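Notes follow the structure.
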């Protein structure tokens, strides 16, 4: 399990939700909030690890996706 | 202490800078540029300080170069934002004019709704609205002589004024 922390002022909550949904086929995620940050606990699914997908890479890609979406939403006028 | 600092890790680099140094949109813009080459993470590092972590996706990549490129990109993004801000009103004005022109000439209903009376009617001191036939039609003998006399008297009065 890998814990990702996203600062509330820098990441968009909807973008994080969307990222978790996008990677739902490969990982299970537990979402919570703590001290001004969104916490996402990512665990790769056995099917994904059996295909050779690394949990760290999966988590990093999920975080990148969340950031990309946050930026796109901020540019489109959404909240960040 | 410098406003920007770098911390090189194994296959990654951490860049810290003051929040007031660059606008948030510039930080986002620079981060977006690196999203295909690196795993990018934004965070706060204490009071009013932003921390950007770049971890290269490609093994063996020189993260120090990425740090320099990120700094350049940050500066470029901030400069672009400033230009956009400075030219915002001009762009808005041009867009409004273009849209106004694209709307085309007024329709029949709009023309009928216009208040056009004798007082507000179009004045035509240069005779632009006059048809070609009206303007250049051949004058009859009597009319021609009269017109010539009028022209002559106008010329004479003009000469008096000039002297």
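Partner shielding of B:18-28 amounts to 2, given as the average count of beta-carbon atoms from other chains within 10 Å of each residue beta-carbon. If you sort the three axes of the alpha carbon gyration tensor as a ≥ b ≥ c, you get a/c of 1.5 or more for the range B:46-119 and a/b above b/c, which makes it prolate.
Of the residues A:63, A:19, A:48, the one that moves most in a GNM of chain A with alpha-carbon contacts below 10 Å is A:48. Across the range B:1-140, counting alpha-carbon atoms alone, Rg and Dmax equal 31.0, 103 Å. Apply the Debye scattering formula to chain A, with a single equal point scatterer on each alpha-carbon and no solvent, then give log10 I(q)/I(0) at q = 0.15, 0.16, 0.19 Å⁻¹. Scattering profile of chain A, log10 relative to I(0): -0.49, -0.55, -0.74.
Coordinate-derived values only; no laboratory data. From a predicted model like this one, the values you see are computed outputs, not experimental measurements. Cβ atoms come from the backbone with ideal geometry, glycine included; neighbour counts cover every protein chain shown.
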